[in-house]
Amino acid sequence: MSIVRFENVGLRYGNGPEILKDLNLTLETGSFNFLTGASGAGKTSLMRMLFLALKPTRGMISLFGENTSGLRRGKVPDVRRRIGVVFQEFRLLDHLTTFENVALPLRVRGNKLNDYRDNVLELLDWVGLDHHINAYPAVLSGGEKQRAAIARAVISSPELLLADEPTGNVDPALALRLMRLFQQLNQFGTTVLIATHDTHLLDTIKAPVVRLEDGRTTWQ
Amino acid sequence: MAINNNAGAKKFDRRASGFNDRGGAKFEVAGNGRSKVIPEATAPHMTLMTAMAAMCYLAVLAIGALLMTDTAVDNWTSQIASQVTVQISAADGVDVDGDAEKVADILRATTGIADIDVVSPAAARKLLEPWLGEAGILDDLPIPRLINVSIDKASPPDLELLRATLATEVPSATLDTHRRWQAELISMAGSLTWLAIAVLSLIATAAIVLVIYATRAAMEVNREVIEVLYLAGARDSFISREVLWRFCLTGLKAGLIGSMLGFCTFVVLGLGSGRLSEPVKAFLYHPLDASSANYAAFIVVPVVATVISLITARISISRVLKAMF
């Protein structure tokens, strides 16, 4: 069963040329996939369409079996809550502690602190940030920030995890360890799509790769 | 569409992640663990509060001036409405004193008249002295006689009938009911009321524009934070609540400051009015007293400021969010 389906999706910014053309892509539930392509190929644009931050100019995107083109604004958060997102630049909120950043998806759902405190602490323990729960992002290293961002993305057990260049700001050794986290998450049933242009990573981790070239996708 | 709310952390094995080899030492969350999601310092609340407080102060002044005018006009009109004047013209061949006696008798016999005061010739001369001087010119002038008549407001007399009776019995007497002055005063008070309403409307419009500007600035400064909140699954209502309460508080604080300053201004003016003469105080400047109506007028300003902040910010935030994402 597919969790993501693109049918003839095209995207252009304003009146510019079409940067994504006739994309046809299907991700099966529970799969682990890479998305690769040269810089500027449109990986981030594709990811932004997946987490509903960008609308395609044509074609149809289906998430969790539902066509997103007719999705009302009020329903968008319901879909986003089933998706976890990790960015290359982490996008942690500087004025919140590690604990508060990781707890954010639960907090915006209206959950009480007492209901999620133990879960967040356990997850921070899992990613090795238990001793940094009260630290602000400014004092964390790149790897620690990325682990906090991953923890934030998975705290609510998303069905789909999207990671846009998650290893772009960490050294190769740490990149592999982060990949192990993603693989563990995948083993728990989360569908994972990681956008990267790190060929070493693609060679090391054996997983299906979607290549984005000239605005079109091909499976490798 | 179902929402998966189960926290995934429970499934994870600390050792399997390869990131934690400290043996599971326990660390506690410092503080309340729920800092403000939208940082407060980034929004221009102090600027907004200062400007809003100034406008609330102006609003209080406008309301106070309106109340003072209203009180003064009430005084004038009630004085005018409770008094009429009969004038006996000192024309050739008229026995002014005799006619004054006749008019006084008619007035005493008329129901609805509370009291009459026949102004003596000496008193009438005193009234004219400030304009004509004491050089003896008044001895050569025919001075009319005046009779001030106080009306019983509970059962006033039929003034048209009284006018007709005087015209028949004492042709030299004319009745002045001051109705024209009363109408002009009421008209002037109406104009001042509309002027105050126009001033208050302008102040409210300026406040709305300020809140819109401040809300947009706050949202723009926090665009990154808001985008992260959206990606975390936040609804518009969550983000709106996080921003809104601060604007609400700013409006309330500004209203209270403006109202207090306005109140102090009127207290100072009231203290300063001690130097004014009684007629000026009674007819032109009537200091605000500590009546419940006046207090209510001062309290209404912070309430309105809060409501304006709340409604404007809510609409503005909603529009900005729709335009942003």
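Summary of computed values
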item	result
Among (1) in a strand (DSSP E or B); (2) out of contact with any Phe, Trp or Tyr (no Cβ under 8 Å at 6 or more places or on another chain); (3) facing chain B (nearest Cβ under 7 Å) - the single one A:E100 does not satisfy	(1)
Residue in the stretch B:67-76 that is charged (D, E, K, R), surrounded by 16 or more Cβ atoms within 10 Å (Cβ to Cβ) and either part of a loop (DSSP other than H, G, I, E, B) or at pLDDT below 90 (or both) present	yes
From the options B:T174, B:T205, residue that is among the polar types (S, T, N, Q) and in contact with a Leu (Cβ under 9 Å, 6 or more places away or on another chain)	B:T174
Among the residues listed as A:L46, A:L71, A:L23, the single one being hydrophobic (A, V, I, L, M, F, W, C) and touching a Phe, Trp or Tyr at 6+ places or on another chain (Cβ under 7 Å)	A:L23
Wholly enclosed strands (runs of 3 or more DSSP E) of the stretch A:124-220 bearing at least 1 residues closer than 20 Å to A:F90 by Cα and among the acidic types (D, E)	A:160-164
Of all residues in the stretch A:178-197 being surrounded by fewer than 19 Cβ atoms within 10 Å (Cβ to Cβ) and free of Cβ contacts under 8 Å to residues at least 40 places away in the same chain, the one that is farthest from the other protein chains (Cβ to nearest Cβ)	A:Q187
Where A:V108 falls short, out of the listed (1) over 25 Å from A:M179 (Cβ atoms); (2) open to solvent by 20 Å² or more (accessible area, probe 1.4 Å)	(2)
Pair list, Cβ < 8 Å and 6+ apart or interchain, from the stretch B:143-163 residues that are of a type in the set (D, E) to residues that are open to solvent by 30 Å² or more (accessible area, probe 1.4 Å) and in a strand (DSSP E or B)	B:D152/B:I113; B:D152/B:A114
Test: A:D94 is assigned to a helix (DSSP H, G or I), modelled with pLDDT of 90 or more and surrounded by fewer than 21 Cβ atoms within 10 Å (Cβ to Cβ)	no
Number of the exception - B:R223 against (1) over 30 Å from B:L58 (Cβ atoms); (2) in contact (Cβ under 8 Å) with a residue 24 or more places away in the chain; (3) buried (at least 17 other Cβ atoms within 10 Å of the Cβ)	(3)
Some residue of the stretch B:184-194 being open to solvent by 70 Å² or more (accessible area, probe 1.4 Å) and among the acidic types (D, E)	yes
Among residues of the stretch B:83-140, those that are open to solvent by less than 40 Å² (accessible area, probe 1.4 Å) and not in a helix (DSSP H, G or I), counted	12
Count of the stretch A:57-81 residues which are buried (at least 19 other Cβ atoms within 10 Å of the Cβ), touching a strand residue (DSSP E or B) at 6+ places or on another chain (Cβ under 9 Å) and free of Cβ contacts under 8 Å to residues at least 40 places away in the same chain	1
Considering residues of the stretch B:45-66 that are open to solvent by less than 40 Å² (accessible area, probe 1.4 Å) and not hydrophobic (A, V, I, L, M, F, W, C) only, the residue farthest from B:A189 (Cα to Cα)	B:H45
Neighbours by Cβ (under 8 Å, 6+ apart or cross-chain): first from the stretch B:242-258, assigned to a helix (DSSP H, G or I); second among the acidic types (D, E) and open to solvent by 40 Å² or more (accessible area, probe 1.4 Å)	B:R246/B:E40
Hey, A:V9 of a type in the set (A, V, I, L, M, F, W, C), open to solvent by less than 10 Å² (accessible area, probe 1.4 Å) and more than 20 Å from A:L161 (Cα to Cα) or not	yes
Yes/no for A:L54 being modelled with pLDDT of 90 or more, in a loop (DSSP other than H, G, I, E, B) and either surrounded by 21 or more Cβ atoms within 10 Å (Cβ to Cβ) or within 22 Å of the chain's Cα centre (by Cα) (or both)	yes
Unique residue being at pLDDT 90 or above and not hydroxyl-bearing (S, T, Y) when the list is B:V268, B:V307, B:V280	B:V307
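So that you can scan it fast, the table gives a plain yes or no per residue for (1) small (G, A, S); (2) closer than 26 Å to A:G30 by Cβ; (3) in contact (Cβ under 8 Å) with a residue 12 or more places away in the chain:
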{"site": "A:N114", "(1), (2), (3)": "no, no, no"}
{"site": "A:L123", "(1), (2), (3)": "no, yes, yes"}
{"site": "A:H131", "(1), (2), (3)": "no, no, no"}
{"site": "A:Y136", "(1), (2), (3)": "no, no, yes"}
{"site": "A:K145", "(1), (2), (3)": "no, no, yes"}
{"site": "A:A148", "(1), (2), (3)": "yes, yes, yes"}
{"site": "A:S156", "(1), (2), (3)": "yes, yes, yes"}
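The values are calculated or read from the model by the stated rules, or taken from the named source; none is laboratory data. As the structure is a prediction and not an experimental result, all values here were calculated from the model. When we count neighbours, we look across all protein chains shown, and the Cβ atoms used for this are built from the backbone with ideal geometry, even at glycine. For accessibility, only protein heavy atoms count, side chains too; no ligands or nucleic acids. Shrake-Rupley method; radii C 1.70, N 1.55, O 1.52, S 1.80 Å.
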